[in-house]
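> Below you will find the structure I want to go over with you.
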Amino acid sequence: MPDVTETLRETALRDIAEAADAAALDAVRLRLMSRKGEVAALMQRLREVPPGERPAFGKAVNELKRDLQAALEARQAALADDAPSGEAIDATLPGAWRRLGRRHPVSRIIAEVAAIFRRLGFTVAEGPDIETVRHNFDALNTPEDHPSRDPQDTFYLANGDLLRCHTSPVQVRYLEAHPPPVRIVAPGRCYRRDTADATHSANFHQVEGLYVDAEVSMADLKGDLHYFARSLMGPEVGIRFRPHYFPFTEPSVEVDFSCHVCGGGGCRVCKQSGWIEIAGAGMVHPNVLRAVGCDPEAFRGYAFGMGIERIAMILHGVEDIRWLYENDLRYLAQF
């Protein structure tokens, strides 16, 4: 029986060494090491060995299996080293057709909003997604007991920072680094502890607008937003302001655009009201200006914020905000 293992060892090692490529080596491996290969067949003969010789025979077969496995791995590595560094190119093959991609509807609207405000003299500013409590709340005149500070509404980190819940911190950072006049729009991601449903998501996009100068009024805010509405939704769109409350603006308003679907007559999109809520806005609160080192007696400003996904849902008739994030190419290809 020992002669059998040695005979197989000699032929197997020779075949492994003579394998010219990976395919030939794999054929040798299957012949030797598979469940029905020659080594397995040799182990099946253990029952034919006299009981006293079985331990020695089993040991010899296991050593053979280990040596052959090592030889296979060594030959595989040698063949890999000898292989050409690059794949051969067949210049006669036709070119591979790749489907053209499209910009995501959220990215398209961000670019369009930025382009409209650039025409009004605004520049685009950015800020970090991870913010300090000062930039996200304190400098924006948010009271200590305001519901938005609650951990049930805001994602706090272990070090006390947080994921920004609006893009308004960008105006604080920008005013700290740039004295007025300032005219910026700041698109970006925001995060809130909202339960995902057809109109809410824990991760969404906003665009913040800020204009601070010596002479800025609500008339400037209304005029700029009216220009924006007409540029985005058509020349016939109307705009209205409704009184509201935000801690960082005074006076504060909510901004509605007339429904672009029904023209103000009432439909499913505007819930029969003829108007669609688009933004929150107002004159920058004097406390916000003081927090960034601006004299509220010398400078005034307006600010606004609007949801990008909301605009996308209105413009494109999207009924569920989650459709924008499921990455279904069949759906996104429609845009």
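> Could you tell me the relative contact order of the stretch 2-82? Use alpha-carbon pairs under 8 Å, at least six residues apart, and round to a whole percent. Walk me through the intermediate numbers first.
Details: 47 pairs, mean separation 31.7, N = 81.
About 39 percent, as a whole number.
> Enumerate the whole-percent occupancy of each 5 Å bin, from 0 to the last occupied one, for all C-alpha pair distances of the stretch 254-335.
Calculated over all Cα pairs of the stretch 254-335, the distribution is 3, 13, 17, 15, 12, 12, 10, 9, 8, 3, 1 percent.
> Based on Cα positions only, what radius of gyration and what Dmax would you give for the chain, in angstroms?
35.2, 107
> Give the average over all directions of the projected area of the C-alpha convex hull of the stretch 124-247, one decimal, in nm².
Numbers: hull surface 37.6 nm².
Taking the Cα atoms of the stretch 124-247, their convex hull projects to 9.4 nm² on average.
> Which of the three applies to the stretch 194-262, rounded, prolate or oblate, going by the alpha-carbon gyration tensor with a ≥ b ≥ c and a/c under 1.5 meaning rounded? Don't skip to the answer; put the middle values down first.
Details: a/c = 1.94, a/b = 1.18, b/c = 1.64.
Here the stretch 194-262 falls in the oblate category.
> Among 15-24, 163-172, what's the highest-first ranking by average C-beta atoms within 10 angstrom per residue? Numbers along the way, then the final one.
Values: 15-24: 13.5, 163-172: 24.0.
In descending order of packing, they fall as 163-172, 15-24.
> Can you tell me what the convex hull of the Cα atoms of the stretch 180-335 projects to on average, as an area in nm²? Could you put the intermediate results ahead of the total?
Values: hull surface 41.2 nm².
One quarter of the hull surface, i.e. the mean projection, equals 10.3 nm².
> Suppose every K and R has +1 on its Cβ and every D and E has -1 on its Cβ; what is the size of the dipole of the chain about the Cα centre, in Debye to the nearest 20? Show your work: numbers first, answer last.
On the way: 39 positive and 47 negative charges, 166 e Å.
With only Lys, Arg, Asp and Glu charged at Cβ, the dipole is about 800 debye.
> Once you have all Cα-Cα distances for the stretch 71-169, histogram them in 5 Å bins from zero and send the whole-percent values.
2, 9, 10, 10, 7, 9, 9, 6, 5, 7, 9, 8, 6, 3, 1
Quick note: the coordinates plus some simple rules give every number you see, no bench work behind them. Since the model is a prediction, treat every value here as computed from it, not as a measurement. Cβ atoms come from the backbone with ideal geometry, glycine included; neighbour counts cover every protein chain shown.
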